Amino acid sequence: MADPPEIKVKPRNLHVRAGGIAAFYCAAQGDPTPVIQWKKNGKKVSSSQTRYQVKEFPDGASLLRIEPVKPSRDDANYECVAENGVGDAVSSEATLVVFEGM
């Protein structure tokens, strides 16, 4: 039986010091298992940028890791979009705030 995607674990808002690591985790379920895509301010996260790493897990979960984070460049809304071809895609957003600091 086909089930549309549903986000089970939403990414959380993060405050990260410049030069640190930001990691967003998102998990979705459905049948077939949803595929997760990450977007930054509405645009697909570029895999050509080595600072952005996406790790896919077989159970419909995904981890977006940004290292090192850069102020003004990475301050953004990040969106986890889950799609499995059944029904509409679903998404959840989280915000990354980068701060300079000691």
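At 7 Å along the Cα-to-beta-carbon direction for both residue 1 and residue 73, put a label point, then send me their distance in nm to one decimal.
That separation, rounded to one decimal, is 4.8 nm.
Under the rule of at least 5 residues apart or a separate chain, name every residue whose amide H is placed under 5 Å from the amide H of residue 95.
Close amide H contacts, sequence-distant or interchain: 13, 14, 78.
Enumerate the lysines that residue 70 could reach by cross-link, defined here as Cα to Cα under 16 Å, with residues fewer than 8 away along the same chain left out.
Here the lysines satisfying the reach criterion relative to residue 70 are 40.
Just name one of 46, 80, 27: the one whose Cα is farthest towards the positive end of the charge dipole of the chain (beta-carbon charges, Lys/Arg +1, Asp/Glu -1).
Farthest towards the positive pole: 46.
Give the label of the value calculated from the structure for percent of Cα pairs over 20 Å apart, choosing from [x] 32; [y] 48; [z] 36.
Identified label for the calculated read-out: [z].
Using θ = phi - 60° and the Karplus relation 6.51 cos²θ - 1.76 cosθ + 1.60, list the HN-Hα couplings for the stretch 48-63 in order, rounded to whole Hz, with x at every Gly or Pro.
Rounded to whole hertz, the list is 6, 7, 5, 6, 9, 10, 10, 10, 8, 10, x, 8, x, 10, 8, 10.
Values in this text are rule-based calculations from the coordinates and carry no lab data. Everything quoted here is computed from the prediction, not taken from an experiment. We place every Cβ from the backbone using ideal geometry, glycine too, and count neighbours over all the protein chains shown.
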